[in-house]
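What follows is calculated from the coordinates using simple rules that are stated; it is not laboratory data. Predicted model, so just to flag it, every value in this text is computed and none were measured. FYI the Cβ positions are ideal-geometry reconstructions off the backbone, even for glycines, and counts take in every protein chain you see.
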Amino acid sequence: MKQITLAVLAAFAIAGTCSAAVKDGTYTKTVTGHNAPITVTVDIKGGKIASIATKDLESPGVGKVAIKKLEDSVIKNQSTNIDIVSGASVTSFQLLGAIKDCLKQAGAEKGDFNKRITDANKAPVTERADVVIVGGGGAGLASAVSALEHGAKVIIIEKLGFLGGSTNVCGGALNASGTKYQKALGIEDNPQKHFEQTMKGGHNVSDPKLVKVLADNAPSALLWLEGMGLKFNPKVGAATGALYQRSHYPNPAGGNTYVVTLEKQLAKYGPDRVKVFLETPATELIMKDGRVVGVKAKHKGQDVTAVADKGVIVTTGGFGSNVEFRQKVNTGVWKEADLGKEIGCSNIGVAAQGQGLQLAEKAGAELIGLSDIQVHPNGSPGTGLMLDIKTSGRNRLFINTNGDRFVNEGAARDVLSKAVFAQPGSTYWLVQNKLRYPDENAIDLLSGRTMRDMLAQGRVKKAANLDELAKIINVDPARLKAAIESYNQVARHEVEQDKFGFKATHTDDRPMVEGPWYVARKVPTIHHTMGGIHIDTGAHAVNAKGEIIPGLYAAGEVTGGIHGANRLGGNAVADLMVFGRIAGSNAAQAK
Ligand SMILES: Cc1cc2nc3c(=O)[nH]c(=O)nc-3n(C[C@H](O)[C@H](O)[C@H](O)COP(=O)(O)OP(=O)(O)OC[C@H]3O[C@@H](n4cnc5c(N)ncnc54)[C@H](O)[C@@H]3O)c2cc1C
């Protein structure tokens with residue numbers, strides 16, 4: 001795979017000095033990162049930056065990629081005056097600030113290590129391929145691999161400084177039915193059941209033809225990924241609001257594992273078959289005689305044109321971070337709620353802006369289902385990011401600020417989030433115990449993090465017993481114990497279901513009795529946008545009359561019609577892989 005690093009190719013020094021009379025030695029600075037503090041150590045040798053080491057808990061595929069890129073660039077250019085990585089701006093600014101601080105400690109003065117590195121090359125670039133993909137997230141990468149498998153030459157246009165988009169930060173749950181992993185656990189499942197639950201969970205407003213394609217093809221998408229070397233954890237779970245035990249998690253945990261797997265697959269085809277433009281937002285789809293024939297984009301002011309001989313696939317993700325747009329279209333399942341900026345978003349903000357919707361609409365595509373936006377109960381207060389302990393999986397309780405349970409924790413996401421909004425302060429405590437974290441040093445299946453790290457960051461609190469837990473969350477211990485007992489009665493199968501409708505149907509369900517207990521405060525967060533580009537079962541974009549727009553395809557969160565009014569947890573990753581694969585193969589084989 002050829003990454004068109006226009007920045008590096010055209011980089012030149014504008015002004016400033018490279019190094020200075022700095023004192024050799026090792027200097028350290030700790031700064032606030034995006035997820036957690038970052039400690040940076042800079043080694044100066046012979047007046048030059050010899051190495052940079054970083055201790056961090058930034059997200060794989062996002063902050064971690066930015067750190068590596070910036071460290072390499074600072075060392076190569078002996079300058080901190082470099083461009084940040086789009087999509088990881090907090091990490092970028094903080095890291096560069098920490099490096100500058102270390103240099104200052106070494107005696108550097110203003111202007112030292114400060115030559116401007118820029119790619120101010122304004123000469124327009126034109127590239128040609130069979131298939132051009134707009135958006136290099138999960139759906140874009142799946143489309144690219146599929147198109148390559150079908151013989152196409154591919155260009156990926158990505159606005160961020162890395163591939164993978166919000167898929168990098170996702171939990172990685174992939175719903176598929178009838179798999180060998182389910183069979184090994186004795187879980188009965190089949191595509192028809194997956195179809196029915198997806199339809200019902202989505203309030204029966206999804207397009208059944210698309211849902212059928214999703215449910216029927218999710219098992220083979222899982223095998224497709226395994227064929228690329230991706231490993232799944234044999235412990236099948238249930239993502240939040242999955243409604244059934246069919247969520248398959250990659251190993252290592254987290255959505256970045258899909259991104260890494262697909263990127264490795266792309267790399268196998270080499271630079272003649274696949275080119276990637278990073279930091280290059282698409283601005284327009286090029287039309288000729290009613291057909292989409294390419295994409296116009298900008299790389300830091302430079303015009304980039306990607307000509308598509310067979311098709312353009314739009315895979316730009318959702319619009320959850322576009323506050324103005326989401327408020328404008330919010331007339332569906334959350335119409336009574338203000339989805340303004342007070343509510344955070346779990347996605348990468350700069351990615352989830354819905355630009356692909358506008359591009360496709362201008363090319364004639366119909367946009368459907370925009371009014372239904374997904375609110376998820378697992379947001380961190382203040383940001384809406386999904387940090388720390390998760391609502392996915394089982395044996396985790398929702399406790400309000402009075403110390404009571406208030407919802408069936410296994411319910412759909414809209415039910416969960418609406419129940420949270422009805423609680424005092426629209427917040428709750430997510431309570432887990434030793435059952436979920438038997439070893440604080442072990443990496444959690446769902447978050448890819450250790451409990452030790454989560455505790456160190458301070459957002460998760462630990463209690464030895466329920467009295468201590470009650471003190472931490474400031475509730476009556478008797479009330480808290482009663483709440484937990486109400487769950488345990490079901491988990492012990494003493495009663496079939498509790499007053500909220502919770503049933504212990506999952507193979508992981510156990511009574512929660514033993515400390516340590518872990519707790520974090522959570523709030524609802526904007527998570528997914530169910531509406532988008534109207535596609536048919538072949539991932540062709542269609543207009544309001546249902547007619548195919550020649551040359552235009554779409555896949556992933558940018559599309560509409562699959563998840564109805566409420567997406568089931570774990571169905572988005574299945575969607576990316578299933579429809580990305582279809583879009584790539586159909587575009588590659590287009591006449
Ligand atoms: C925290 C979190 C946890 C989640 N967990 C799960 C889970 O466990 N299971 C599940 O099924 N779903 C989960 N989801 C949902 C799921 O991850 C997303 O719906 C899915 O990853 C979206 O993939 P995508 O490829 O459509 O979009 P993305 O992965 O966001 O990729 C879109 C890409 O397009 C790029 N782009 C946008 N506009 C332009 C433009 N104009 N030009 C060029 N590029 C552009 C973006 O920068 C981005 O890289 C989760 C989501 C989040 C945020």
TODO: Give the Cα extents of segment 17-115 along the principal axes, in whole Å, largest first.
DONE: 36, 22, 19
Task: Integer Hz, Karplus 6.51/-1.76/1.60 couplings in order for segment 144-160, x for Gly and Pro - done: 5, 4, 5, 5, 5, 4, 9, x, 7, 8, 10, 10, 10, 10, 10, 7, 7
Open item on the list: Taking amide H atoms as placed 1.01 Å from N in the peptide plane, list the residues 5 or more away in sequence, or in a different chain, whose amide H sits under 5 Å from that of Asn233.
Closed with: Tyr249, Asn251
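Please work out the FRET efficiency for the pair Thr30 and Lys328, using the Cβ-Cβ distance as r and a Förster radius of 51 Å; give the result to the nearest 0.05. It would help to have the intermediate numbers written out before the result.
Numbers: r = 42 Å, r/R0 = 0.82.
E(calc), rounded to 0.05, equals 0.75.
To the nearest 500 deg cm²/dmol, what mean residue ellipticity at 222 nm is calculated for the chain from DSSP H runs of n ≥ 4 alone, each contributing -39,500 (n - 2.57), summed and divided by the residues?
Numbers: 15 runs with 170 residues, N = 591.
Helix-only estimate at 222 nm: -9000 deg cm²/dmol.
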Open item on the list: Output needed: percent of Cα pairs per 5 Å distance bin for segment 126-243, bins running from 0 to the one holding the longest distance.
Closed with: 2, 10, 15, 19, 19, 16, 11, 6, 2, 1, 0
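Just to confirm a number: summing +1 for Lys and Arg and -1 for Asp and Glu over residues other than Arg396 whose beta-carbon lies under 13 angstrom from that of Arg396, what do you get?
Details: positive: Lys390, Arg394, Arg405, Lys434, Arg436, Arg510, Lys522; negative: Asp388, Glu409, Asp444, Asp508, Asp509.
With Lys, Arg at +1 and Asp, Glu at -1, the net is +2.
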TODO: Using every pair of alpha-carbon atoms in segment 330-380, split the distances into 10 Å bins beginning at 0 and state the percent of pairs per bin, rounded to integers.
DONE: 20, 45, 30, 4
Task: segment 574-589 - phi-based ³J(HN,Hα) in whole Hz, Karplus 6.51/-1.76/1.60, Gly and Pro as x - done: 4, 4, 4, 6, 5, 7, x, 4, 5, 4, x, 5, 5, 5, 5, 9
TODO: Could you tell me which of Leu416, Phe406, His299 has its Cα farthest along the dipole of the chain towards the positive end, charges placed at Cβ (Lys, Arg +1; Asp, Glu -1), taken about the Cα centre?
DONE: His299
Open item on the list: If you split all Cα-Cα distances of segment 188-335 into 10 Å bins from zero, what percentages do you get per bin, shortest first?
Closed with: 8, 23, 32, 29, 8, 0
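Cα convex hull of segment 377-526: how many Å³ per residue? Could you put the intermediate results ahead of the total?
Working: hull volume 15.6 nm³, N = 150.
That works out to 104 Å³ per residue.
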Open item on the list: Whole-Hz ³J(HN,Hα) for each residue in segment 535-540, computed from phi via Karplus 6.51 cos²θ - 1.76 cosθ + 1.60 with θ = phi - 60°, x for glycine and proline: what do you get?
Closed with: 10, 9, 5, x, 6, 6
- [ ] Would you mind computing, in nm to one decimal, how far apart the modelled labels at Glu361 and Glu342 are, each placed 7 Å from Cα along Cα→Cβ?
- [x] 2.7
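Sort 352-358, 508-514 by the packing proxy (mean of other Cβ within 10 Å over each peptide's residues), most packed first.
Numbers: 352-358: 23.1, 508-514: 17.4.
Per-residue Cβ counts within 10 Å, averaged per peptide and sorted highest first, yield 352-358, 508-514.
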Task: Separation in nanometres of the label points that stand 7 Å from Cα toward Cβ, at Lys235 and Glu440 - done: 1.9
Task: Average silhouette area of segment 336-413, convex hull of alpha-carbon atoms, in square nanometres - done: 7.4
Task: Extension gain from Glu188 to Ala53, taking 0.36 nm per residue of separation minus the Cα-Cα distance - done: 43.7 nm
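Report the local net charge at Ala412: Lys and Arg +1, Asp and Glu -1, summed over other residues whose C-beta lies under 11 Å from its C-beta.
Values: positive: Lys200, Arg413, Lys418, Arg567; negative: Asp414.
Once positives and negatives cancel, what remains is +3.
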Task: Whole-number percent relative contact order across segment 216-356, with pairs defined as alpha carbons under 8 Å at least 6 apart - done: 13
TODO: Output the Cα-based Rg and Dmax of segment 514-591 in Å, rounding Rg to one decimal and Dmax to a whole number.
DONE: 17.3, 63
TODO: Taking the Cα centre of the chain as origin, work out the dipole magnitude from +1 charges on Lys and Arg Cβ and -1 charges on Asp and Glu Cβ, in debye rounded to 20.
DONE: 800
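How big is D, in µm² s⁻¹, for segment 376-456 by Stokes-Einstein at 10 °C and 1.306 mPa s if Rh is the Kirkwood radius over C-alpha pairs? Walk me through the intermediate numbers first.
On the way: Rh = 13.4 Å.
The diffusion coefficient I find is 119 µm²/s.
Can you tell me the dipole magnitude for segment 377-526 around its Cα centre, using point charges on the Cβ only (Lys, Arg +1; Asp, Glu -1), in Debye to the nearest 20? Kindly include the intermediate steps, with their values, before the conclusion.
Working: 22 positive and 18 negative charges, 64 e Å.
So the magnitude is around 300 debye.
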- [ ] With unit charges on the beta carbon (Lys/Arg positive, Asp/Glu negative), name the residue among His376, Gly354, Gln94 whose Cα is farthest towards the positive pole of the charge dipole of the chain.
- [x] Gln94
Task: Efficiency of FRET from Cβ geometry, Arg291 and Lys503, R₀ 56 Å, rounded to 0.05 - done: 0.60
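Mean separation of Cα pairs under 8 Å and 6+ residues apart, divided by the residue count of segment 377-526: what relative contact order is that in percent? Could you put the intermediate results ahead of the total?
Details: 268 pairs, mean separation 56.2, N = 150.
For segment 377-526, the relative contact order is 37 percent.
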Open item on the list: Taking a virtual spin label 7 Å from the Cα of Arg128 along the C-beta vector, which residues in segment 284-305 bring their backbone nitrogen under 15 Å of it?
Closed with: 293-295, 305
Task: Tail beyond 31 Å, pair distance distribution of the chain (Cα, percent) - done: 50
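So for the chain, averaging the separation of alpha carbon pairs under 8 Å that are six or more residues apart and normalising by length, what relative contact order in percent results?
Values: 1502 pairs, mean separation 113.5, N = 591.
Relative contact order, the chain: 19 percent.
Please compute the net charge surrounding Asn217, taking Lys and Arg as +1 and Asp and Glu as -1 over other residues with Cβ under 12 Å from its Cβ.
Values: positive: Lys212, Arg581; negative: Asp216, Asp575.
Surrounding charge for Asn217 is 0.
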TODO: Diagonalise the Cα gyration tensor of segment 440-523 and give the resulting equivalent ellipsoid semi-axes, square root of 5 times each eigenvalue, largest first, whole Å.
DONE: 24, 18, 11
TODO: Starting from the Cα-Cα distance between Val350 and Asn465, subtract it from 0.36 nm times their residue separation and give me the gain in nm to one decimal.
DONE: 37.2 nm
TODO: Would you work out which of Phe319, Val205, Ile187 lies farthest towards the positive end of the dipole of the chain? Charges go on Cβ: Lys and Arg +1, Asp and Glu -1.
DONE: Phe319
Task: Computed FRET value (nearest 0.05) for Lys76 with Leu223, which takes r as the C-beta separation and R₀ as 51 Å - done: 0.80
